[in-house]
Amino acid sequence: MSKKKFFLDALKYIFFFGVGIALFIWVYQGQDFSGIWKGLSRFNYGWISASLVAFLLSNLFRAMRWRMLIESIGYKPGLLNTFLAVLVMYLANSAVTRMGEVTRCGILKKYDGVPFTSQLGTVLVERIVDVIFLLILLFIVLVLNWDVLSTLINPDPDILTSKIGFLKSPLVIGAAGLFILAAFVVYLFRKRLADLLFVKKILSYGEKFSVGLKSVFRLKRPVIFVILTAAIYGCYFLSTFFVFKAFGPTSMLSPIVALAVLALASIGMILPIPNGIGPFDWIALNTLLLYSISKPDGQLVTLVLHGSTTLFVIVCGALALGVLPIVNKSRKSV
């Protein structure tokens, strides 16, 4: 890596991390440590434990799904190694965003001999599937909660009040129009674009892990793959809903609200900020405010929702990192 690229990557990391920290401070402004500590005592930690178990199960289902993709390209890593690699992935992502994707591939390369570049292709497939599923989830949430969530797009309650009214929103129509126009331009000038240096570079990079990308078309049990994807997000939902049940002011919220918080706050996890710190909290808090949760209570439940999983992935990831050499002691590194 050149010094210039290293400097730019470091600058980008510092910028986004700074934005995340600024948002985090803004979200929790007005809360003092004594107030937070007192507020934490109001939670039922039986429900919090159930939330963490659900989150841990989501990691197991993610490992099983990823293993299916790897098996489709001719390799069969152990489920335990795959599961531990996923746990380490979350630990690495808590430090440097997207670092976990590289780390988990390195673990299976070391202990199970799965080619690194082919794994990157399967990771990309996973991310594409996750984005598609998240978009579907967002669509469902907007349909079911449009009367409340429409204020995020248009603060005027007299406009776009029907549950499918967001499809007529200028924002949605404009975005769809730009997408169609861009697609038309790309198709029209596809031959000239193919000669551009950066396009060639992208295509060249894509070829390196094309084997992994094709894994989704070679799945022997695609229905199981879809079920595992649904199970992952089902566990995310339960993890969120159980935190709501643990706190008096949010315990009466409907499952639909938990689904809305999950879907919208997940957008914050996509941004290049370690563990979505800041954006996740800001979106989750403002979504809760729409459902008449007071700001102090919203701050507390958001802090527990994000903080408990963050602490959990750090602990589990560190344990997984220590367990990996032990369970693979009799196996030589590849």
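Could you please find all residues in the stretch 90-114 being in contact (Cβ under 8 Å) with a residue 40 or more places away in the chain, on the phi < 0 side of the Ramachandran plot and of a type outside the set (S, T, Y)?
Let us first name the residues in the stretch 90-114 that are in contact (Cβ under 8 Å) with a residue 40 or more places away in the chain, namely 90-98, 107, 109-114.
Pick out the ones that are also on the phi < 0 side of the Ramachandran plot and you get 90-97, 107, 109-112, 114.
Once the filter is applied, which keeps residues that are in contact (Cβ under 8 Å) with a residue 40 or more places away in the chain, on the phi < 0 side of the Ramachandran plot and of a type outside the set (S, T, Y), the stretch 90-114 yields L91, A92, N93, A95, V96, I107, K109, K110, D112, V114.
Return the residues of the stretch 19-60 that are modelled with pLDDT of 90 or more, assigned to a helix (DSSP H, G or I), over 17 Å from M269 (Cβ atoms) and not small (G, A, S); say none if nothing qualifies.
Once the filter is applied, which keeps residues that are modelled with pLDDT of 90 or more, assigned to a helix (DSSP H, G or I), over 17 Å from M269 (Cβ atoms) and not small (G, A, S), the stretch 19-60 yields Y45, W47, I48, L52, V53, L56, L57, L60.
Condition check ((1) out of contact with any Ser or Thr (no Cβ under 7 Å at 6 or more places or on another chain); (2) farther than 15 Å from V123 by Cα; (3) β-branched (V, I, T)) across all residues:
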{"site": "R42", "(1), (2), (3)": "yes, yes, no"}
{"site": "S49", "(1), (2), (3)": "yes, yes, no"}
{"site": "R62", "(1), (2), (3)": "yes, no, no"}
{"site": "R65", "(1), (2), (3)": "no, no, no"}
{"site": "Y90", "(1), (2), (3)": "yes, no, no"}
{"site": "A95", "(1), (2), (3)": "yes, yes, no"}
{"site": "V102", "(1), (2), (3)": "yes, no, yes"}
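From the list G248, G322, which residue is closer than 26 Å to V96 by Cα, more than 23 Å from the chain's Cα centre (by Cα) and surrounded by fewer than 15 Cβ atoms within 10 Å (Cβ to Cβ)?
Matching residue, one of G248, G322: G322.
Only one of these is under 15 Å from A230 (Cα atoms), of a type in the set (A, V, I, L, M, F, W, C) and free of Cβ contacts under 8 Å to residues at least 24 places away in the same chain: L135, L57, L79. Name it.
L135
For a quick check of your reading of the model, give me the residue pairs whose first member lies in the stretch 115-127 and is in contact (Cβ under 8 Å) with a residue 40 or more places away in the chain and part of a helix (DSSP H, G or I), whose second is basic (K, R) and surrounded by fewer than 22 Cβ atoms within 10 Å (Cβ to Cβ), with beta-carbon atoms closer than 8 Å and at least 6 apart or on different chains.
From residues that are in contact (Cβ under 8 Å) with a residue 40 or more places away in the chain and part of a helix (DSSP H, G or I), the pairs are T117/K208; Q119/K109; L120/K208; G121/K214.
Can you tell which of L262, L289, L285 is within 24 Å of Y45 (Cα to Cα) and over 19 Å from the mean Cα position of the chain (by Cα)?
Working: L262 fails: over 19 Å from the mean Cα position of the chain (by Cα); L285 fails: over 19 Å from the mean Cα position of the chain (by Cα).
Within the list L262, L289, L285, the selection yields L289.
The values are calculated or read from the model by the stated rules, or taken from the named source; none is laboratory data. These numbers were taken from a predicted model, which means no experiment stands behind them. Cβ atoms come from the backbone with ideal geometry, glycine included; neighbour counts cover every protein chain shown.
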